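The numbers here are math on the coordinates, done by the rules we state, and not lab data. Bear in mind the structure is a predicted one, so any value in this text is a computation, not a measurement. In this analysis, Cβ positions are derived from the backbone assuming ideal geometry, glycine residues included, and neighbour counts consider all displayed protein chains.
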Amino acid sequence: MATKHSNKSPASRRNSNADQREGHKPARDVPEAVLDAIELERRKLQQADSMLACLILALQEGCESDNDDDPDYSDVARAVRGIVRSVTERLDMVNLVAAESRPAAHT
């Protein structure tokens, strides 16, 4: 089952989550550009999670046919893998430091 994603604004979610965890730097001490970069990548991971949930469901149901219009499940898995790998790269500390020096992006 796919998880439901929060409807809170990114800023309020960041502040409430950071304040709840002990030993973590409060969100207000993290540069806004870094928080924006993390939130953008978080959304991409949520999309990947949804794609994987659909793939699991399709594979469990055994939805195989010879119809050319049916999805190729290996393509779905490769797409999700690409999303996860690119997000992992962008969340690398070096890239987050670079994001800190850029102006905040408005999404």
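The table for this structure:
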| item | result |
| --- | --- |
| Isotropically averaged projected area of the stretch 31-101, using the convex hull of Cα atoms (one quarter of hull area), nm² | 5.3 nm² |
| Net length gained if the chain between GLU39 and GLN60 were fully extended (0.36 nm per residue, minus Cα distance) | 4.4 nm |
| Distance (nanometres) between label positions extended 7 Å along Cα→Cβ at MET51 and ASP68 | 2.4 nm |
| Most to least packed among 50-56, 92-98 [average Cβ atoms within 10 Å] | 50-56, 92-98 |
